[in-house]
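Notes to accompany the following structure.
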Amino acid sequence: QVKLVESGGGVVQAGSSLELSCQASKRTYVQGWWRQTPGKEREFVASIAWFDGAVDYADSVKGRFSISRDNTKDITYLQMHILKPEDTAVYYCAATDSAGFAPTRARGAYDYWGQGTQVTVST
């Protein structure tokens, strides 16, 4: 079992930047960030592979968000820039060690989930 703990959420103005962190209790092959707003499905944001650092982003955040990881500390980061009101959501960290070694957008591939951290972008 892997425990994931997110931090770094908050309230910011549109156009601002924010960094989320996800501390894992142990290393996993692939980590990801997802987000969810009330009444909507949880949606993929970004994913990164531990082995080679390969990344994947949702089109809605490409060019504005950056996922990275510190393998020495088992921390995954999500740097968010030029934030928009539509980025407002609860952001979840996720991880898997059973779905291969490449970034994945498949929600069912993730074995472990954090509790989520709220990000609110005001106009």
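The values are calculated or read from the model by the stated rules, or taken from the named source; none is laboratory data. Treat the numbers as computed from the prediction; the structure is a model and nothing was measured. Positions of Cβ are generated from backbone atoms using ideal geometry, with glycine treated the same way; all protein chains shown enter the neighbour counts. We work out accessible area using only protein heavy atoms, side chains counted, and drop any ligands, DNA or RNA first. Shrake-Rupley method; radii C 1.70, N 1.55, O 1.52, S 1.80 Å.
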For this session: Determine which single condition Arg27 fails, assuming it passes every other condition in (1) buried (at least 21 other Cβ atoms within 10 Å of the Cβ); (2) modelled with pLDDT under 95.
Result: (1)
Seminar exercise, completed: Within the range 80-117, residues outside any loop (DSSP other than H, G, I, E, B), open to solvent by 40 Å² or more (accessible area, probe 1.4 Å) and among the acidic types (Asp, Glu) come out as Glu86
For this session: Return the residue satisfying two criteria in turn: it lies in the range 61-79 and is in contact with an Asp or Glu (Cβ under 9 Å, 6 or more places away or on another chain), of a type in the set (A, V, I, L, M, F, W, C) and assigned to a strand (DSSP E or B), and of such residues it is surrounded by the most Cβ atoms within 10 Å (Cβ to Cβ).
Result: Leu78
Exercise. Given Gly8, Gly15, which one is on the phi > 0 side of the Ramachandran plot and surrounded by 15 or more Cβ atoms within 10 Å (Cβ to Cβ)?
Worked result: Gly8
Exercise. What number of residues within the range 30-56 are modelled with pLDDT of 95 or more, more than 10 Å from the chain's Cα centre (by Cα) and either at positive phi or surrounded by 18 or more Cβ atoms within 10 Å (Cβ to Cβ) (or both)?
Worked result: 4
Problem set entry | Looking only at the range 19-37, and only at residues there that are in contact with a strand residue (DSSP E or B) (Cβ under 7 Å, 6 or more places away or on another chain) and not in a strand (DSSP E or B), the one that is nearest to Trp50 (Cα to Cα) | Tyr29
Seminar exercise, completed: Inside the range 7-18, the number of residues satisfying the requirement of being polar (S, T, N, Q) and farther than 24 Å from Ile48 by Cα is 1
Problem set entry | First in the range 72-94 and in contact (Cβ under 8 Å) with a residue 24 or more places away in the chain, second anywhere and hydroxyl-bearing (Ser, Thr, Tyr) and not in a loop (DSSP other than H, G, I, E, B), Cβ under 6 Å, 6 or more apart | Ile75/Ser21; Tyr77/Ser21; Tyr77/Ser68; Gln79/Ser66; Thr88/Thr120; Tyr91/Thr117
Exercise. Which numbered condition trips up Ser98, out of (1) touching a helix residue (DSSP H, G or I) at 6+ places or on another chain (Cβ under 7 Å); (2) hydroxyl-bearing (Ser, Thr, Tyr); (3) modelled with pLDDT under 95?
Worked result: (1)
